[in-house]
Amino acid sequence: MKIISSFVLGILLLSLGCNNPPEVQPVDNQISVYPNPTIYAIHIRIVNPTNLPYTIHVFGTNGGALFMVDDNQSESDYEIDIADKPKGMYQVIVQKGDIKTIQRIIKI
């Protein structure tokens, strides 16, 4: 009975089109924010093969802006020195078109 049930389920899935993988849009940028936690600096690496413009904002523990840049390079590395800043949570926001990525970094 189990073999027949599996066979029927397989036929049902084929008839519903479940054997075709969904169309996936390629990711055109990669964002790395490290180390986390940190003591001295926040490193941001952007890989942007489409060269579309993006904006990076880094906000401190009090919500004030520490860093902002507009760029469109295919690969960029940024280092934001926070050695003299207070311990706490920092936010890194990268916006590219309608897509916004928010990462939180803890300074210890």
Quiz item: Between I39 and D98, what is the spin-label point distance in nm, taking each point 7 Å from the Cα along the Cα→C-beta axis?
Solution: 4.4
Quiz item: What residues have an amide H closer than 5 Å to that of I82, excluding those fewer than 5 places away on the same chain, when H is modeled at 1.01 Å from N in the peptide plane?
Solution: A41, I42
Exercise. With θ set to phi - 60°, apply the Karplus curve 6.51 cos²θ - 1.76 cosθ + 1.60 along the stretch 81-95 and write out the HN-Hα couplings as whole Hz, x wherever there is a Gly or Pro.
Key: 6, 10, 4, 9, 8, x, 5, x, 9, 10, 10, 10, 10, 10, 10
Quiz item: What list of ³J(HN,Hα) values in whole Hz, one per residue of the stretch 99-104 in order, does the Karplus curve 6.51 cos²θ - 1.76 cosθ + 1.60 (θ = phi - 60°) give from phi, with Gly and Pro shown as x?
Solution: 9, 10, 10, 10, 10, 9
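Rule-based calculations on the coordinates, nothing more; no lab input. Predicted model, so just to flag it, every value in this text is computed and none were measured. Cβ coordinates were reconstructed from backbone atoms using ideal geometry, including for glycine residues, and neighbour counts include every protein chain displayed.
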